[in-house]
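Please see the structure below; I have some questions.
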């Protein structure tokens, strides 16, 4: 049976290599380019933005951007209401971040927010929270 | 005369169903690993590069064991791997349900919106039981699905 598992592992590795070499998938450790809807930390910091933290509650409690709102994925309607309330008080750029460069949660939430707040300027942070510690 | 053993016959049907499900699950995710990485992250267990690595490897593993289940000399390990994967999927769905996460399961690559956890868990349980059935047959008679008399 060990030989069978080895063959399965080998075939899976070959498939993975094909995805990486053919460009079907990005390298997991690759530095992503600035994509549409993304903003660099340096650019966001010079603006008075509304930070939205899309990581877990424990990660948020351990440290977050100044005055960042916690985006609770278990209660997206409540989270969006909080963001809307903050934005209506003083309309400005909204920047959402998740854990690091490879995470896609912030992009997904940014897309949802753009539908709910079409007048707002909304970005996801390039590099996510890990950009803060670099 | 070739007599078809009912157990082997149902075993063949079970293997075809499982292989079809896993191929259908793996192929779209190979085409769009970034979307699958987002689905993995939404479970809030791993994120970033780990989620992307999982999104690249897991669909290929699903495809390989799907084909492996139809290949006599890979059947046992494929069934074992399938049982392990389905166990992990069920645990993840139970965990997400308990945490109240309203996420797309990412099972077949498409965005299905809010999950119906009852259905997801029941479906995976049925697939798990089918995989165990296939493994039992494979262990008993690893290479000959039909018996000649």
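Only the coordinates and a few stated rules stand behind these numbers; no lab work does. Because the structure is a prediction, the values reported are computed rather than measured. FYI the Cβ positions are ideal-geometry reconstructions off the backbone, even for glycines, and counts take in every protein chain you see.
To the nearest whole percent, what portion of all C-alpha pairs in the range B:55-133 is separated by more than 15 angstrom? Walk me through the numbers before you get to the answer.
Numbers: 1839 of 3081 pairs.
I get 60 percent for the Cα pairs in the range B:55-133 exceeding 15 Å.
Helix A:76-89: angle to the longest alpha-carbon principal axis of chain A, degrees 0 to 90, nearest 10?
That works out to roughly 40 degrees.
Rank the residues B:102, A:119 as a footprinting-exposure proxy: fewest other Cβ atoms within 10 Å of their Cβ go first. Don't skip to the end; give the middle numbers.
On the way: B:102 14, A:119 7.
In increasing order of surrounding Cβ atoms, one gets A:119, B:102.
From zero up to wherever the largest Cα-Cα distance of the range A:68-134 sits, split into 10 Å bins and tell me the percent of pairs in each.
Per 10 Å bin, starting at zero, the Cα-Cα P(r) for the range A:68-134 comes out as 22, 54, 23, 1 percent.
Taking only the alpha-carbon atoms of chain B, what semi-axes of the equivalent ellipsoid follow from 5 times the gyration tensor eigenvalues under a square root, in whole Å, largest first?
On the way: eigenvalues 204, 49, 28 Å².
Whole-Å semi-axes of the equivalent ellipsoid: 32, 16, 12.
In Å, what Kirkwood hydrodynamic radius results for the protein assembly as shown from the alpha-carbon pair distances? Write out the running numbers ahead of the final one.
Numbers: mean 1/r = 0.0481 Å⁻¹.
Across the protein assembly as shown, the inverse of the average 1/r is 20.8 Å.
What does the average come to when, for each residue of peptide B:92-102, you count the partner chain Cβ atoms lying within 10 Å of its Cβ?
Working: counts 0, 0, 0, 0, 1, 0, 0, 3, 4, 2, 5.
If you average over the peptide's residues, the count of other-chain Cβ atoms is 1.
Here is a follow-up. By counting other Cβ atoms within 10 Å of each Cβ, how are A:67, A:43 ranked from fewest to most? Each step should come with its number before you reach the end.
Details: A:67 9, A:43 16.
Placing the least packed residue first, the sequence is A:67, A:43.
Could you calculate the contour length gain from residue A:116 to residue A:92, that is, 0.36 nm times the residue separation minus the distance between their Cα atoms, to one decimal place in nm? Before the final figure, lay out the partial values.
On the way: separation 24, 0.36 × 24 = 8.64 nm, distance 1.52 nm.
The residue A:116-residue A:92 span can extend by a further 7.1 nm.
Now for a separate question. Specify the angular offset, from 0 to 90 degrees and rounded to the nearest 10, of the alpha carbon long axis of helix A:105-116 from the longest principal axis of the alpha carbons in chain A.
Relative to chain A, helix A:105-116 is tipped by roughly 40 degrees.
Kindly put B:69, A:14 in sequence by how many other C-beta atoms sit within 10 Å of each C-beta, fewest to most. Please report the intermediate quantities before stating the final value.
Working: B:69 28, A:14 12.
Taking fewest neighbouring Cβ atoms as first place, the list is A:14, B:69.
Rounding to the nearest 10 and keeping the result within 0 to 90°, find how far the Cα-based axis of helix A:2-22 lies from the longest principal axis of chain A.
Approximately 50 degrees, to the nearest ten.
Find the eigenvalues of the gyration tensor of the Cα atoms of the range A:6-134, then list the square roots of 5 times those eigenvalues as equivalent ellipsoid semi-axes, largest first, in whole angstrom.
Details: eigenvalues 203, 48, 42 Å².
Over the Cα atoms of the range A:6-134, the ellipsoid semi-axes are 32, 15, 14 Å.
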